[in-house]
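The structure appears below as structure tokens.
Values quoted throughout were computed directly from the atomic coordinates according to the rules given, and no laboratory measurement underlies them. Remember, predicted model here, so these are calculated numbers, not experimental data. Neighbour counts run over all protein chains shown; Cβ positions are idealised from the backbone, glycine included.
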Amino acid sequence: MNKQIMRQVKELQAKMAKVQEELGKAEIEAGAGGGAVTVVVDGHQNVKSVKISPDAVDLEDISLLEDLVLAAVNEGIKKSRELAQSRLEAVTGGLNIPGLM
């Protein structure tokens, strides 16, 4: 029975490695202000790009632009975490394994 468990553990490790690789390649887009600010985040919660519409730049109100960037980044990270969680749950069958998320 130990051999069977070890085989299952190795299979799970291989599947987890594949999911981690896929998450690194995933691109999640999120925006704020009706598209005034758009960010792209990968499945590891790394911000890959930030795009700001020229219409969003008001030198008289920089704090609004800062808020839009912050909102877009937070939404992108939230979506990235949700994607990672759903992909990892698919591999683990919903089993909560400490350190995965």
Tally, over segment 12-52, of residues that are over 21 Å from Ser63 (Cα atoms) and either loosely packed, with under 15 Cβ neighbours inside 10 Å or not β-branched (Val, Ile, Thr) (or both): 22
Matching residues in segment 53-67 - criterion: being surrounded by 12 or more Cβ atoms within 10 Å (Cβ to Cβ) and either touching a Phe, Trp or Tyr at 6+ places or on another chain (Cβ under 7 Å) or not β-branched (Val, Ile, Thr) (or both): Ser53, Ala56, Leu64, Leu65, Asp67
Selection within segment 1-43 - charged (D, E, K, R), under 14 Å from Arg87 (Cβ atoms) and assigned to a helix (DSSP H, G or I): Lys15, Lys18, Glu21, Glu22, Lys25
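Matching residues to (1) under 19 Å from Ala90 (Cβ atoms); (2) of a type in the set (D, E, K, R); (3) without any contact (Cβ under 8 Å) to a residue 24 or more places away in the chain:
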residue	(1), (2), (3)
Ile5	no, no, yes
Lys18	yes, yes, yes
Val37	no, no, no
Gly43	yes, no, no
